[in-house]
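Scroll down for the structure; my scribbles are underneath it.
The values are calculated or read from the model by the stated rules, or taken from the named source; none is laboratory data. The model shown is predicted, which means the values in this text are computed figures rather than measured ones. When we count neighbours, we look across all protein chains shown, and the Cβ atoms used for this are built from the backbone with ideal geometry, even at glycine. Only protein heavy atoms, including side chains, enter the accessible area calculation; ligands, DNA and RNA are left aside. Shrake-Rupley method; radii C 1.70, N 1.55, O 1.52, S 1.80 Å.
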Amino acid sequence: MDTKFYLQSPEEEMEFMPIIPLNENEDGNPDDQVIPDELPLLPLRNTVLFPGVVIPITVGRDKSIKAVTDAYKADKLIGVVAQKDSNVEEPTISDLEDIGTVAKIAKLIKMPDGGTTIIIQGRKRCKLEEITADDPYFKARITILNDSIITDDSDFNAMISSIKDLAGQIVNLSPNLPSEAAIILKNIENPSFLIHFVSSNLNCDIKEKQRLLEISDIKSRAELLMNLMQTELQYAELKNKVTTKTRAELDKQQKDYFLQQQIKALKDELGGENVAEVKEMQKRAEGKKWPEAAKEMFNKGVEKLDRMHPTTPDYSVVYNHLDLMLDLPWEDYTEDVYDLKKAKKILDNDHYGMQKIKERILEYLAVLKLKGDMKSPILCFLGPPGIGKTSLGKSIASAINRKYVRVSLGGLHDESEIRGHRKTYIGAMPGRILQSIRKVKSSNPVMILDEIDKVGSDHRGDPSSALLEVLDPEQNNTFYDNYLELEYDLSKVLFIATANNISNIPPALRDRLEIIELSGYAVEEKTEIAKRHLIPKQKDMHGLKDIIFNTSDKILERVIQDYTRESGVRELDRQLASIMRYQAKEVVLNGKYKATITAKDLEKILGKPRYSNDLYKTANMPGVAVGLAWTYVGGDILFIETQLSEGKGELKLTGNLGNVMKESASTALTYLEANGKKVNIDAADFKNKDIHIHVPEGAVPKDGPSAGITMLSALASAFTGRKIKPYLAMTGEITLRGQVLPVGGIKEKVLAAKRAGLKEIIMCWQNEKDVEEINQQFIKGIKFHYVKTMQQVLELALV
């Protein structure tokens with residue numbers, strides 16, 4: 001049956017309850033009612049009744065209800081014993097304890113739900129001698145057990161005093177007990193009742209309570225009770241400590257929650273809500289791989305943002321800065337593909353020729369595969385426009401499986417474009433470098449720095465100087481952007497710069513670049529490029545993908561030679577586009593197209609040839625020599641014209657010539673004056689004749705030392721009246737001592753001579769190595785004369 005302590009809380013708190021007894025005297029028996037030898041028994045499932053103590057009990061079992069009812073009708077006395085196991089629903093004789101308590105039923109209450117509740121008070125301890133009946137309820141013959149009476153025992157009195165003190169302490173440590181309970185306990189005079197009362201309400205195991213009931217010696221009972229109370233006190237102290245700590249934490253949490261709610265309410269009143277934005281940022285930051293410094297700065301920024309109202313001017317500044325930090329890839333890298341054969345295949349498919357660059361990229365990949373990690377080289381592709389420098393960068397990115405991004409530097413004049421603005425300025429942004437990395441979401445892309453030679457500088461700063469940090473492998477692992485205000489590692493980025501003219505790149509920046517020179521294409525190379533790349537591309541662009549027509553190599557060569565004059569293939573691409581447009585028009589208008597493009601068709605589509613080599617094949621006059629020049633668009637042919645007239649030996653130079661070229665003319669004239677006899681020139685002619693040197697195409701500025709031997713030959717031809725050998729071109733610098741010095745741009749110059757139909761070239765013997773680098777198939781039919789002195793030049797040049 002279920003039992004419950006009187007006044008005990010529903011949670012069954014582990015405290016004893018001070019209950020004022022109905023009566024209190026020395027023996028716990030207020031009246032002298034005779035206790036019979038045989039009594040009905042009431043088994044209790046989860047408590048022990050002590051003499052003098054009052055407890056309420058809800059009776060649930062049929063046997064127990066019958067026993068209680070019969071006892072209440074008779075003398076109201078009943079024997080109360082504890083069960084050995086509280087889980088047994090229907091106890092037998094063996095399930096009952098031997099020692100119990102004789103109790104008087106003070107009140108019997110019938111409940112509305114049909115249950116019965118009784119209030120009983122313990123009288124005397126008793127021992128069950130014999131069970132006389134078990135139906136309809138247990139009856140037993142009992143023996144009354146009297147407690148020993150102690151008088152004037154100082155030890156016992158001290159024990160009683162200690163029990164009162166311990167009970168008081170336990171009450172004080174129990175928040176659910178009133179403090180008056182301690183006062184009531186102190187005022188209990190009867191030692192025996194005090195012990196029973198405290199034992200009854202002590203929070204301990206049923207078996208311990210049964211032990212207390214079974215001890216006949218009251219002093220021993222008091223001793224055991226004190227031990228149990230000590231344990232209870234320690235437990236109460238520990239519980240109180242934990243409760244106090246928990247309550248303090250809860251109080252702080254409640255306070256924080258209350259304040260947060262107030263802040264939220266204030267923000268709502270002000271009309272702003274940034275909680276969602278802050279939470280979204282924190283969520284994005286959870287899986288981010290970034291350095292500790294970046295993480296720390298982000299956390300500070302988020303805290304600052306959380307405190308700010310969205311309408312304040314600084315809110316967008318902080319928000320944009322944090323957004324950039326989250327967008328940057330930091331330590332996110334794409335995985336390189338180390339398959340060199342596959343990389344070579346991709347490079348070859350995308351670009352024809354350019355072996356030097358392809359070899360350099362494959363070397364880089366090989367080292368990366370062996371070492372696993374290395375600082376990326378800073379390459380610079382130097383060459384004329386239209387030869388595929390920029391598109392080659394994209395091809396390299398594809399070959400090594402990296403992201404590709406292009407940064408155009410042409411016309412850049414503000415240093416902040418590279419390094420970013422301070423974020424406090426209105427409209428501030430990170431620099432182009434970080435913006436590009438943010439866009440590709442990888443910290444190791446292939447980054448093309450296009451037209452690095454066309455970076456400007458003015459009062460706002462010098463971007464080329466800002467690029468020094470970006471392009472220095474020793475510094476760019478800690479690149480500092482003014483907007484980000486943190487160091488960013490650019491050492492894994494493969495920078496590829498492109499340039500047309502190296503002289504426009506500042507020396508400090510040039511020193512950081514690994515220059516790879518790309519020369520123009522020969523006619524044969526352009527033919528191959530047109531067949532492999534340009535024609536399929538233009539057919540696709542003009543809707544002619546499924547239409548097959550033939551464009552022979554001879555026709556392509558004619559387009560290249562008669563309609564273009566360039567090192568690259570951009571103009572050729574445009575001419576091929578014209579042919580495709582013509583074919584598209586024919587298909588739409590007439591439903592048919594030219595199956596084979598002929599020379600006649602070319603004139604109809606592209607017009608009369610724009611360039612002609614006949615100019616160089618006509619019979620030339622004395623005083624005219626053909627030179628070779630290098631321009632940023634490739635090699636070109638240059639005429640040097642010399643005319644003598646009666647005068648005083650003055651030298652006139654025209655044709656928009658630079659200082660170096662003018663000095664070359666003066667040097668050539670001085671050499672001739674000193675060595676005129678060797679080529680049969682009369683010394684008087686130098687004093688009696690005025691000399692006029694002109695270089696046609698006067699609108700085009702010309703400079704450089706490479707026209708030295710050409711001017712010498714033209715002057716010697718004019719003075720001697722001997723013509724320059726036909727189909728002969730020359731390039732080389734001269735000295736007053738009569739030596740010929742090497743010059744640059746040999747491949748472009750040689751290919752220009754080949755395009756022009758020239759058959760012989762004179763150049764310095766030291767330039768022979770440059771000629772050997774050119775594919776011999778491209779320069780077939782040209783004879784080279786390598787000279788050391790100016791005398792050799794004149795012997796070869798003059799007829």
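Computed quantities for the displayed model
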read-out	value
Interchain or long-range residues, amide H under 5 Å from V53's placed H	G122
Karplus-derived 3J(HN,Hα), 6.51/-1.76/1.60, for each residue of region 524-538, Hz, glycine and proline x	4, 5, 4, 4, 5, 4, 4, 5, 7, 10, 5, 5, x, 5, 5
Cα→Cβ-extended label distance, 7 Å offset, between K677 and D323, nm	8.6
Separation of the K356 and F258 label points, Cα + 7 Å toward Cβ, nm	8.0
Mean Cβ count within 10 Å, highest first, over the residues of peptides 44-56, 717-729, 759-771, 222-234	44-56, 717-729, 759-771, 222-234
Potential lengthening between E292 and Q777 on full extension [0.36 nm per residue; Cα-Cα distance subtracted]	168.7 nm
H321 accessible area, 1.4 Å probe, all protein chains in place, Å² to nearest 10	10
Efficiency of FRET from Cβ geometry, K662 and I515, R₀ 30 Å, rounded to 0.05	0.55
FRET efficiency estimate (nearest 0.05) - Cβ-Cβ, N504 to K342, R0 41 angstrom	0.65
Theoretical ellipticity at 222 nm over the chain - DSSP helices of four or more residues, -39500 (n - 2.57) apiece, nearest 500	-13000 deg cm²/dmol
Nearest-ten-degree value, helix 154-173 long axis tilted from longest Cα axis of the chain	40
Cβ crowding within 10 Å averaged over residues, with 276-287, 333-344 ranked highest first	333-344, 276-287
Residues with amide H under 5 Å from that of V80, placed H, sequence gap 5 or more	L42, T101, V102, A103
Lysine pairs with alpha-carbon atoms under 17 Å apart, region 95-239, spacing 8 or more or separate chains	10
Point-to-point label distance, E180-A428, nm (Cα→Cβ direction, 7 Å offset)	7.1
Rounded tilt (10° steps) of 659-675 against the dominant C-alpha axis of the chain	40
Normalised contact order of the chain, rounded percent, pairs of Cα under 8 Å and 6 or more residues apart	7
Extension gain (nm, one decimal) between E487 and K283, 0.36 nm per residue minus Cα-Cα	71.1 nm
Among I357, S706, S94 - extreme Cα towards positive end, dipole of the chain, charges at beta-carbon	S706
13 Å Cα cut-off, lysine pairs counted over region 630-720 (separation 8 or more, or different chains)	5
C-alpha long axis of helix 389-399 to longest principal axis of the chain, angle in °	40
Gain upon complete extension [K73, T92; 0.36 nm per residue less C-alpha separation]	4.3 nm
Karplus-derived 3J(HN,Hα), 6.51/-1.76/1.60, for each residue of region 198-205, Hz, glycine and proline x	5, 4, 4, 9, 6, 8, 9, 5
Value of relative contact order over region 464-567, rounded to a whole percent, pairs C-alpha under 8 Å and six or more apart	22
Listed peptides 697-710, 499-512 by packing density, highest first (mean Cβ within 10 Å)	697-710, 499-512
Relative contact order (percent, whole number), region 712-767, Cα cutoff 8 Å, 6+ residue spacing	39
M354 long-range amide H proximity, modeled H, under 5 Å	none
